[in-house]
1. Go through the stretch 244-255 residue by residue and turn each phi into a ³J(HN,Hα) via Karplus (6.51, -1.76, 1.60, θ = phi - 60°); whole Hz please, and just put x for glycine and proline.
2. Between Asp147 and Lys165, what is the spin-label point distance in nm, taking each point 7 Å from the Cα along the Cα→C-beta axis?
3. Would you mind computing, in nm to one decimal, how far apart the modelled labels at Val46 and Ser241 are, each placed 7 Å from Cα along Cα→Cβ?
4. How much length, in nm to one decimal, is gained on full extension between Phe1 and Thr258, taken as 0.36 nm per residue of separation minus their Cα-Cα distance?
5. Using a cut-off of 11 Å between beta-carbons, work out the net charge of the residues near Arg13 (Lys and Arg +1, Asp and Glu -1, Arg13 not included).
6. For the pair Glu94 and Leu73, what calculated FRET efficiency results from E = 1/(1 + (r/R0)^6), where r is the Cβ-Cβ distance and R0 = 30 Å, to the nearest 0.05?
7. Eigenvalues of the Cα gyration tensor times 5, then square-rooted: what semi-axes does that give for the stretch 16-73, in whole angstrom, largest first?
8. Consider a paramagnetic label point 7 Å from the Cα of Ser25 along Cα→Cβ; state which residues of the stretch 33-72 have an amide N under 12 Å from it.
Amino acid sequence: FNFGKHRKIQAIRHVITPSISFSYSPEKGTYFNGWRTLNYVDKFGVQKTHEYNIYSGQIYSPPSRGETGSVSLSIGNNLEAKVRDLRDTTGKGEKKIKLIDQLTLSTSYNLLADSLNLSNINLSMSTSVFNKIGISASMVLDPYAIDNQGRKYNKFNVQTRGWLKPVRLTSANASISYSLSGEGKTNGNDGSAQAGGNPANEYTKIYYHPITGEYIPGGWLYYMNPNAPWSVNFNYSYSYSRSYQNSNGQLITNHRHTQTLGVSGNLKLTPALSLQLSTNFDIM
């Protein structure tokens, strides 16, 4: 979408990347793979059937039962703008700004399943502002309706709730983070490596006092490089999940919210040694 070179926002570009794939998995719930069926009569005289796998509980889980043949669909989106660079004194400069780094919708359809063929619909988004603030969010939508016990069955939600509620939100999360960092230098009076760039020989650097300029033999013991690479990250995260239960014949929806504030920092003391600290505060 072009708006003209003379505009502050000169153009917006929207890139759509669809992807489709097919997969097939044969029936692996066989006797050879350890699956057994036990028929027995319980103490009340009721005939029962129990299916189990002799390899359950071992290091490698046994293959699941059921033949699957699915079609997966993913639609990726990217949105960016071309704007006039106000710092350019010539008035002809321009720069690109990412509005949405990634917005993806994905789902799949099992061609061989007896029911509930359509899987959950996943939406995810991420972007950054000024290369400092990171924003990400995602949600999971279930296309099927639930009964009075909170169990979904083979009927689409739009058929029972109407077009205003075509899907059910099952979970969602969002996060915002802000980062500060310093690249750091290890040359000049900050120290000069005598033994090359090998991190193991970092102790051979020669240091000078940052104020007096005095030479410090083995200065790594007394004075640490003030321009060592460092980073500090502040973040906020929110998550939501929904579950159902039946109480006295009435369906109850349980909503769970989680909010967390966090901060973490990293200081690279030498190429082979760094110090990391992190903590979180649970708002809820």
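Each value in this text was obtained by applying a stated rule to the coordinates, not by laboratory testing. Just so you know, these numbers come straight off a predicted model, no measurement behind them. Every residue, glycine among them, receives a Cβ derived from its backbone with ideal geometry; neighbour counts consider all protein chains shown.
1. 10, 8, 9, 10, 6, x, 10, 7, 10, 9, 9, 10
2. About 1.9 nm, to one decimal.
3. Rounded to a tenth, the inter-label distance reads 3.1 nm.
4. Details: separation 257, 0.36 × 257 = 92.52 nm, distance 3.97 nm.
Result: 88.6 nm gained on full extension.
5. Details: positive: Lys82, Lys96, Lys98; negative: Glu80.
Cβ neighbours under 11 Å give a net charge of +2.
6. Working: r = 36 Å, r/R0 = 1.19.
Here the calculated transfer efficiency is 0.25.
7. Values: eigenvalues 250, 45, 20 Å².
Those come to 35, 15, 10 Å.
8. It comes to 62-70, nothing else.
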